[in-house]
Amino acid sequence: MTGKREDRNPWAWIPSLYFAEGLPYSIIMFASVAMFKLLDVPIEDIALFTSLLGLPWVIKPLWSPFVDIFRKKRWWIISMQLIIAIALIAVSFAVKSDGFFIHCLIVMMVMAFASATHDISADGFYMIALREKQQALFVGIRSTFYRISMITGQGLIVILAGYLGRRYFGDDKAGAWSVAIMAAGILFFVIALYHNFILPRPCGDKPVSRGRSPWGEFAVTFAEFFSKPGIISAVAFMLLFRLGEAQLVKIATPFLLDDRLNGGLGISEESYGLIYGTIGVIALLAGGILGGIAISKGGLRKWILPMFLALNLPNIVYIYMAFCQPENIYLIGSCVVIEQLGYGFGFTSYMLFLIMFCDGNNKTAHYAIATGIMALGMMLPGMASGFVKVYLGYTWFFVWVLVCAIPGFFIIRHVRIPDDFGIKG
């Protein structure tokens, strides 16, 4: 082995690290929705409990100080990857058991806590292992491979389950999904073993000694965050900007997969994985790139309203699909692409607002709190979305999603944004 381990080429580990960061999240929050729908779990239960699986990402700021204090971040990364691998294999067995839904949820909750802890340690390791110029260079690379993991989790795994079911398992959808999830677990074991050998050992990766207790550290950071100017409107913005999208994302998958007699579109698992989990994610990524370009030229203040509209108005395509129930797969795919492209474009303004608001002292810890609030804004509406759909039906549910944009429209008029923020100098 040549060269110091501290100087390991970032190309050798950053792509795989951020692929590993996104894959469990996409399986827990997206692929599981498709799996449970195809295994005939009621839609209100799917929306409620898969949204609840987002809880670890909401509360991860509570234990992030412990990740700094106990053990090296490299240890946390590899340990959490091994736990995730074991959890995925456990899910592959649980999905074929009696009472599979509750068994899968329990294991997935363990996996969610491990994944959220992995996020904390991986992001911290990124800042320790790279010099400042390298961090700027690889920020786009890490984002790209995170998106590739999303394509894998909510696209390729669903496609694999559909292919296995059609080719080998017939009506045994649980068997097909068991093999697909098992494959993801084996892949994660390989990633963990790879990182055990390839991750650098930077000198700065060591437990942090603090003057305060972990809880005292968090209390001070928490108090500083909530004493920021404009905190009320900022938190309202974080919670309401995606109020409609938080509900749509939990019902879109059941709608696309549901039988046409039930008001859905009845597309196959493979078509879903290709349209929503692959092409849709690519459109989401493209929208984010376009959003970044737009803000770099005009600034966040100029673009925040157009981006808010871009995030919400394309949801009208779901009203159209629910009302007309098109059968043309290309038309359905085009509608999904329009919605995802708008979502990616509009979401750029949301993330840049979080970065702006959290700037200053303790910006890393404050950003963790802000993303926790962001996750809460997705979790709570998502939990209720299934019950709303059952009450309203698909068509009126999607009308409701559009109506839910109204609170966000009013709140963006009250948030504080400097005129030149986001403009590339």
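The values are calculated or read from the model by the stated rules, or taken from the named source; none is laboratory data. Since the model is a prediction, treat every value here as computed from it, not as a measurement. Cβ sites come from the backbone with ideal geometry, for glycine too, and all protein chains shown count toward neighbours. When the accessible area is computed, the model is the full protein with side chains, heavy atoms only, and any ligands, DNA or RNA have been set aside. Shrake-Rupley method; radii C 1.70, N 1.55, O 1.52, S 1.80 Å.
Numerical summary
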item: Nearest-0.05 FRET efficiency for GLU224 and LEU331, computed from C-beta distance (R0 41 Å); result: 0.20
item: Percentage, to the nearest whole number, of Cα pairs in the chain over 42 Å apart; result: 12 percent
item: Alpha-carbon Debye profile of the range 239-376, log10 I(q)/I(0) at 0.10, 0.13, 0.20 Å⁻¹; result: -0.38, -0.61, -1.15
item: Bins of 10 Å from zero: percent of alpha-carbon pairs in the range 1-137; result: 11, 37, 30, 16, 6, 1
item: Listed pairs LYS302/LYS363; LYS37/LYS173; LYS250/LYS389 exceeding 22 Å between Cα atoms; result: LYS302/LYS363
item: Rg/Rh (Cα only; Kirkwood hydrodynamic radius) as it applies to the range 87-200; result: 1.06
item: Virtual paramagnetic centre 7 Å along Cα→Cβ of ASP359, amide N under 16 Å, in the range 272-299; result: 295-299
item: Centre separation in Å (Cα based) which lies between the range 138-200 and the range 296-338; result: 28 Å
item: PHE66/ASP172 FRET efficiency (R0 51 Å; Cβ-Cβ; nearest 0.05); result: 0.75
item: Probe 1.4 Å, all protein chains present, accessible-area order of ARG142, ARG416, ARG301, largest first; result: ARG416, ARG301, ARG142
item: Surface share of carbon and sulfur [accessible, 1.4 angstrom probe, percent] for the range 64-126; result: 74 percent
item: Accessible solvent surface per residue of the range 309-425, calculated while the other protein chains remain in place, 1.4 angstrom probe, Å²; result: 49 Å²
